[in-house]
1. Ignoring everything except DSSP H segments at least 4 long, calculate the 222 nm mean residue ellipticity for the chain; use -39,500 (n - 2.57) per segment, divide by total residues, nearest 500.
2. Given the options 142, 262, 277, which has the most mean-square fluctuation in a GNM of the chain, springs set between C-alpha atoms less than 10 angstrom apart?
3. Nearest 10 degrees is fine. How inclined is helix 217-235 to the longest principal axis of the chain, computing both from alpha carbons?
4. Among 108, 305, 138, which one moves the most in a GNM of the chain with springs linking Cα atoms closer than 10 Å?
5. Can you put 406, 283, 352 in order of Cβ neighbours within 10 angstrom, beginning with the fewest?
6. I'd like the orientation of helix 421-439 relative to the chain: the angle between its Cα long axis and the longest Cα principal axis, in ° from 0 to 90, rounded to 10.
7. Provide the packing ranking of 60-66, 79-85, 220-226, i.e. peptides ordered by the mean count of other C-beta atoms within 10 Å per residue, highest first.
8. Report the relative contact order of the chain, percent, no decimals, based on alpha-carbon pairs under 8 angstrom and at least 6 residues apart.
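Bear in mind these aren't lab numbers, they're just calculated from the coordinates by the rules spelled out. Note that this is a predicted model, so its numbers are computed, not measured. Please note: Cβ atoms are built from the backbone with ideal geometry, for glycine as well, and neighbour counts cover all protein chains shown.
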Ligand code: PHE
């Protein structure tokens, strides 16, 4: 199952057929304006008007917005850390991937998974894109909250823009640094000891989750322990009060081994909340080449990255991820900065399903994310989900070798007013004509 914030969901990044690129090129203007600046386009450009319109909004800084309260709640748990939240979403692929040791063929780099302004500039896909820059500025303990962008399908828990908080701590790789960590570990362990929390742990190091060659395993053990204690206490801070954790019914947190190109050992953290294990964050001991890239080779430490929407959806009982973008006063006026309250649904208009069936030109494919971006550009947040109706129709004609596809689009307004069937039809007609123009499909 895909969840907002999880790393590289579309791990099977597919190749992009040249015919498809040729079609895109024919429709491409030579410049795009992003955050008030003009940029030249090229064969990689795939940033869409809907996405461009989200860039200035920064929901995590809008007072009273649930994402802003959650950001502040996390920051309040790390009072001695620098709190950053205004870095531009435009980064180079070098910052987003190469400085973090992503392999050259990593699927996250593909135009079907990430948004590119052009081949040299993209929208960050995660807040880790700023690690090298922030460490390079001399920050040793910091949090950074920002909007991140990943091309995605459309449903109630996925949106191509979401928010992450990155946190990191580095210390000198000497006895003074290790002493600082040991003292902090004692303090945190004593705090957790007194709290109602049950932790399912994994070893700090294992053959599949090894120590780095540049590190003394004793140092890594201390750093990994500090990472785990710091994040267990953050989980208690975020969820403990809300699940009413007691000695009989403690907050349950579990650690799982993971892999990220820029950390080892690496872990994921899940929290048991309202009957389900919820994937909360990824983290690990920072890979030394990352710190070398930031000119802080004499330090070592940990980093984590956590998705805000998923946590806010459960803490506030917000059922649909589109609601975070709502400007409806019936949504916004429900919330106060610093307070976590249960969202009261104010409308559920009827769904309006429309099927779009078409033939692709011979040998051409259409990535679902391309279809979804096209639908979003026309219908905006009025589209609730898009499903490949494969049971209805998804086959290749044995004689003509043309592929036939059918998507079922669910149009439903989440606020303001009900959507009439005529309006849904008109949106759907625009989807169909755009699909024809852009991908030269034959509607069935
Ligand atoms: N950036 C990772 C993500 O997008 C999370 C992460 C951050 C993992 C820092 C390790 C260290 O999910």
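1. Numbers: 12 runs with 125 residues, N = 444.
So the helix-based figure for the chain works out to -8500 deg cm²/dmol.
2. Looking only at 142, 262, 277, the biggest GNM fluctuation is shown by 277.
3. Tilt of helix 217-235: around 70 degrees.
4. Looking only at 108, 305, 138, the biggest GNM fluctuation is shown by 138.
5. Working: 406 18, 283 28, 352 21.
Ranked by crowding around the Cβ, least crowded first: 406, 352, 283.
6. 90
7. Numbers: 60-66: 17.7, 79-85: 14.0, 220-226: 21.1.
Order by mean packing, descending: 220-226, 60-66, 79-85.
8. Details: 794 pairs, mean separation 75.5, N = 444.
Relative contact order here is 17 percent.
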